[in-house]
Amino acid sequence: MHVEVGHALADPVVHRHERAVRSEPIGGLDGAGHPLDRIEKHGEKFARQVAECLDVVPGHDQNVPGEHGCPVEEGDDRTLVEHDVSARATVHNGAEDAGHRRSMTVVPDMPVSFSTGLGETVLPPVSQDLARRLEAARANEDASERRASISRVVATEPTYLEGWADLGDEARDPVEAYACYRVGYHRGLDALRAAGWRGSGYVRWSHESNRGFLRSLMGLADAAARLGEQSEADRCRTFAAQLDAEWSATQRMPEAAD
């Protein structure tokens with residue numbers, strides 16, 4: 001805060017007012033011929049009181065009621081403080097034409113930050129060894145052997161989301177598919193929370209490590225629809241659209257049960 005001090009104040013005393021403060025003319029103090037030695041005597045004390053009153057956060061001091069302000073000594077006359085939107089306060093008095101006033105400036109020093117919108121969560125990748133083993137299991141041409149090979153990989157790493165999604169794809173009936181996809185979905189929620197997800201934000205298909213969870217979520221929607229659980233299927237698809245609207249729009253609609 002910078003304080004510029006003139007020679008003297010026109011009056012050393014301020015009344016407190018139960019309203020927002022504003023500048024007012026001071027009766028009986030303007031014009032030549034009035035002695036100023038009494039004002040000079042108390043000017044420094046008053047300047048310190050005003051400086052303490054102006055020690056507020058910039059931008060919130062324009063309409064502060066007097067009852068919440070800094071207490072100032074009362075007397076017979078009054079001098080009022082005016083605030084403007086630029087956080088500059090000036091103590092006015094009747095001798096302004098003689099150059100007697102004090103000017104105080106509050107300089108804002110707090111940075112302004114803006115929200116960047118919803119965040120994005122990316123799951124950590126699995127080890128290359130685990131990914132190679134799943135790829136080898138998928139290569140089996142026999143459906144029964146392929147399913148068994150994928151199951152063995154998942155048994156060694158039950159948190160492997162791509163493995164659970166694969167087991168859902170290889171399921172022999174809707175109930176088995178529903179069970180596998182649901183495990184992958186819940187395991188995926190655990191993984192997202194561990195990665196910092198707090199229930200909102202994007203989980204995009206463009207990141208390969210997110211695909212096991214998204215496949216499980218959309219597979220669960222499909223399996224639920226096949227079992228006649230249309231409300232659950234709709235919830236899953238809505239959730240997928242919130243996580244990655246562009247990707248979910250490319251997925252086929254679940255087939256409802258007969």
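The values are calculated or read from the model by the stated rules, or taken from the named source; none is laboratory data. This structure is a prediction, so every number in the text was calculated from the model and none was measured. Note that we place each Cβ from the backbone using ideal geometry, even for glycine, and neighbour counts take in every protein chain shown.
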ask   = Restricting the search to region 124-159, which residues are touching a helix residue (DSSP H, G or I) at 6+ places or on another chain (Cβ under 8 Å) and among the basic types (Lys, Arg)?
value = Arg133, Arg138, Arg146, Arg147, Arg152
ask   = Looking at Arg187, Arg215, Arg204, which one is in the same structural domain as Glu157 (by TED's automatic domain parsing), assigned to a loop (DSSP other than H, G, I, E, B) and out of contact with any strand residue (DSSP E or B) (no Cβ under 6 Å at 6 or more places or on another chain)?
value = Arg204
ask   = Name the pairs whose Cβ atoms lie under 8 Å apart, with the first residue in region 234-258 and small (Gly, Ala, Ser), the second modelled with pLDDT under 95 and loosely packed, with under 14 Cβ neighbours inside 10 Å, and 6 or more positions between them or separate chains?
value = Ala241/Ala249
task = May I ask you to verify whether Val203 is over 20 Å from Gln251 (Cα atoms) and either within 33 Å of the chain's Cα centre (by Cα) or loosely packed, with under 15 Cβ neighbours inside 10 Å (or both)?
result = no
